[in-house]
Structure formats: C-alpha cells, structure tokens
Amino acid sequence: MIQHRILAILAVVATGFVAAPLSATAADAKVGVVRFDDAVRASPQYKAADQKMTSEFQKRKNDLEAQSKQFESDVEKFKRDRVTISPDAQAKTEKDLAARQVDLNQAGRKFQEDAAARQRDLTNEVVGKVRDAVVAVAKEKGVDIVVADPVYANATFDLTDDVVKKLGGTPGK
C-alpha cells in the first residue's frame, strides 16, 4: 500500500519535471494576431479579383436585365391588348410569354450559379495568397503562433498591416 503511494508521488514529481520545461517554452512563445477579413479586403489581389469579377459578369448581368425589362414590357402590352386580339392569338402569346419566362428564370439561375462559382474561385485564390503572406510575415517576425480574428488583442500583437504590406497593399485600420 505504501509502495503504491510512493510510486504515485514519484509519478507526479516526474510529470512536474517534464511539464516544467514545456510550460516555460509555452510562456516564451511569441503570438501574433491577424484580422484576416481586413487583410483580404485591403489586399490588391482582392481588389483585382473584384474588378475581374465585375468585368466578366457585367455584360451578362446587363443583358439579363434588358431581357427582363423587355419581358415585363411585353407582358404589360399583352394585358392591354388582350381584349382586342383573337383567342388563337391570345393563346399563342400566352404560350410564348410562359416559355420566355421559363427561359428567363433559367438564365437568371445559371447566371447566379456561374457568378457564385467564379466568386468562390477568386476568393479562394486570394485567401491562399493572404494565408501565404501571413506565414511569411510570422516567420520574418519570429512569431510562433498566429491567431486569426481574435475577439480582442493588444495592437502590439497585430500583424494585419504587415500582411497587407507584404501583399503590396496600403495598410490602414
């Protein structure tokens, strides 16, 4: 019984000897923080991706808006002229408008899907570059760990402006 207690005490003491160097190392760790969203949005890569996205999809967006306005105009015209045209012409126009509405809805969904996919691709590209810049800045500054988007951090730990500079952007809060 006493031997078990002695062994337990020795185990606790041995654990203390092993843990002491680890806690001293952890206490000496240098920590940095990054406001990741701010770094992404301030980066020139994000601004370029945003412009690229706009240029790629603006024409399609304008075309869809024009088609939608034309469709609405045609529907209003049909509502006004409905009583003056023959039943066959009414049926044909209703069928045509219904088909156009389906096509317009499909084109709108396709546009949204394409835009969302392209936005994800461009965002992932930028996020990867920002992540690489965070790692590079952390290594340059001798930081052991970087915490992204903390609830609170003293400004002396903030690496965000350095990351933005590394990406070629203009830092600012």
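Residue by residue through the range 35-75, note down the ones that are among the hydrophobic types (A, V, I, L, M, F, W, C) and within 16 Å of the chain's Cα centre (by Cα). Even if it seems obvious, please write down each step before you answer.
First, the residues of the range 35-75 that are among the hydrophobic types (A, V, I, L, M, F, W, C): 36, 39-40, 42, 48-49, 53, 57, 64, 66, 71, 75.
Once the filter is applied, which keeps residues that are among the hydrophobic types (A, V, I, L, M, F, W, C) and within 16 Å of the chain's Cα centre (by Cα), the range 35-75 yields 36, 39, 40, 42, 48, 49, 53.
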The condition from (1) exposed (fewer than 11 other Cβ atoms within 10 Å of the Cβ); (2) at pLDDT 95 or above that residue 103 misses is numbered (1)
Expected single match for under 30 Å from residue 64 (Cβ atoms) and β-branched (Val, Ile, Thr) among 126, 143 is 126
Out of (1) under 27 Å from residue 61 (Cβ atoms); (2) surrounded by 13 or more Cβ atoms within 10 Å (Cβ to Cβ), the odd one out for residue 134 is which?
-> (1)
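Just wondering, is there one or more residues in the range 79-95 that are among the β-branched types (Val, Ile, Thr), outside any helix (DSSP H, G or I) and more than 30 Å from residue 35 (Cβ to Cβ)?
As a first pass, look at the range 79-95 and keep what is among the β-branched types (Val, Ile, Thr): 83-85, 93.
Retained after the next criterion (residues that are outside any helix (DSSP H, G or I)): 85.
Going one step further and asking which of them are more than 30 Å from residue 35 (Cβ to Cβ), we end up with 85.
Within the range 79-95, one or more residues are among the β-branched types (Val, Ile, Thr), outside any helix (DSSP H, G or I) and more than 30 Å from residue 35 (Cβ to Cβ).
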Where a residue in the range 103-121 is touching a residue at least 40 places away in the same chain (Cβ under 8 Å) and closer than 19 Å to residue 55 by Cα and its partner, wherever it lies, is charged (D, E, K, R) and part of a helix (DSSP H, G or I), with Cβ under 6 Å and at least six apart | 111/60
Go through the range 130-163 and give me each residue that's charged (D, E, K, R) and either more than 19 Å from residue 33 (Cβ to Cβ) or part of a strand (DSSP E or B) (or both).
-> 158
In the range 48-97, anything surrounded by 11 or more Cβ atoms within 10 Å (Cβ to Cβ), among the basic types (Lys, Arg) and without any contact (Cβ under 8 Å) to a residue 40 or more places away in the chain is listed as 77, 82, 92
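The values are calculated or read from the model by the stated rules, or taken from the named source; none is laboratory data. Here the structure is a predicted model, which is why all the values come from computation and not from measurement. No Cβ is skipped: glycine too gets one built from the backbone with ideal geometry, and neighbour counts run over all protein chains shown.
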